[in-house]
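Engineer: This is the structure I have questions about; it appears just below.
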Amino acid sequence: MAVTPKKISVQSEVQDGKLTKNRELVVDAINTYEGKKVTVTIERFYKKRSNKQNNYYWGVIVEHWMRIIREYWGEIWEIDEVHEFLKGNLNYDVLVDDSTGELATNPQTNEVIRKPKSTTKNTTFTQEEYHEAARQLAWEMFQYTIPLPNEDLDESIDDSIN
């Protein structure tokens, strides 16, 4: 028995009110759900995160968070640990129990179960939202300012520490 996927995404383009790319894939996707109720969502396509955004994230945001953790918590974390920390707190899906529609919780801690999402799938827009969330978290937790991409990094590092 074939398993019906929860979601199928097909990229296309609209010209004169009609889909112009991957029309056959759209028809196949529709046929996959034959006899079932579905929700149709159309959303604008955004480019994947840029190399500049990626460089800013790893070279500025993650580096500043490594400094924050060292200075405020007295711990030295590796770059991947900082990345996982940020993803786990800022870039995640909340799991839902399909049978009840309620948020899935850990039975031992009673906390909502969160599944970190890969940042490699972020669009340029969602990556900027993620950057802003990482800067906001640094400010809310430590009153630490992580510089924006166009700021002078040397000055902002000194300002954040002092």
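The values are calculated or read from the model by the stated rules, or taken from the named source; none is laboratory data. Predicted model only: the values in this text are computed from it and were never measured. Reconstructed Cβ throughout: ideal geometry from the backbone, glycine too, with neighbour counts over all protein chains shown. With ligands, DNA and RNA removed, areas are computed over all heavy atoms of the protein, side chains included. Shrake-Rupley method; radii C 1.70, N 1.55, O 1.52, S 1.80 Å.
Engineer: Any idea of the accessible area per residue across region 1-77, 1.4 Å probe, to the nearest Å²?
Structural biologist: 86 Å²
Engineer: Let me spell out the model: positive unit charges on the Cβ of Lys and Arg, negative unit charges on the Cβ of Asp and Glu, origin at the Cα centre of region 42-162. What dipole size does that give, in debye rounded to 20?
Structural biologist: For region 42-162, the charge dipole is close to 600 debye.
Engineer: If the elastic network links every pair of Cα atoms under 10 Å, which of Asn150, Asn31, Asn51 fluctuates the most in the Gaussian network model of the chain?
Structural biologist: Of the options given, Asn31 has the highest mean-square fluctuation.
Engineer: When the chain is treated as a GNM, springs tying every alpha-carbon pair under 10 Å, which of Lys121, Lys48, Lys37 comes out with the largest mean-square fluctuation?
Structural biologist: Looking only at Lys121, Lys48, Lys37, the biggest GNM fluctuation is shown by Lys37.
Engineer: Moving to a separate point now. Work out, step by step, the length gained on full extension between Asn31 and Glu128: first 0.36 nm times the residue separation, then minus their alpha carbon distance; give nm to one decimal.
Structural biologist: Working: separation 97, 0.36 × 97 = 34.92 nm, distance 3.61 nm.
Result: 31.3 nm gained on full extension.
Engineer: Write down the radius of gyration of the chain and its Dmax, each obtained from C-alpha positions, in Å.
Structural biologist: Using the Cα atoms of the chain, the pair Rg, Dmax is 20.8, 64 Å.
Engineer: Please check: in the Gaussian network model of the chain (C-alpha springs, under 10 Å), which one of Glu140, Glu111, Glu34 has the largest mean-square fluctuation.
Structural biologist: The residue with the greatest mean-square fluctuation here is Glu34.
Engineer: OK, next. Just want to confirm a number: the relative contact order over region 70-119, from Cα pairs under 8 angstrom separated by 6+ residues, in percent. Intermediate results must be reported in sequence, preceding the final value.
Structural biologist: Details: 47 pairs, mean separation 17.0, N = 50.
RCO, region 70-119: 34 percent.
Engineer: Which pairs break 18 Å Cα to Cα here: Lys52/Lys121; Lys6/Lys36; Lys21/Lys117; Lys6/Lys37; Lys87/Lys115?
Structural biologist: Violating the 18 Å Cα-Cα cut-off are Lys21/Lys117.
Engineer: Oh, and also: Mind checking which of Pro147, Trp73, Ser9 is farthest towards the positive end of the chain's charge dipole, using Cβ charges of +1 (Lys, Arg) and -1 (Asp, Glu) about the Cα centre?
Structural biologist: Value: Ser9.
Engineer: Could I ask something else about it? Quick one: helix 79-90 against the long Cα principal axis of the chain, what's the angle to the nearest 10°, folded into 0 to 90?
Structural biologist: That works out to roughly 60 degrees.
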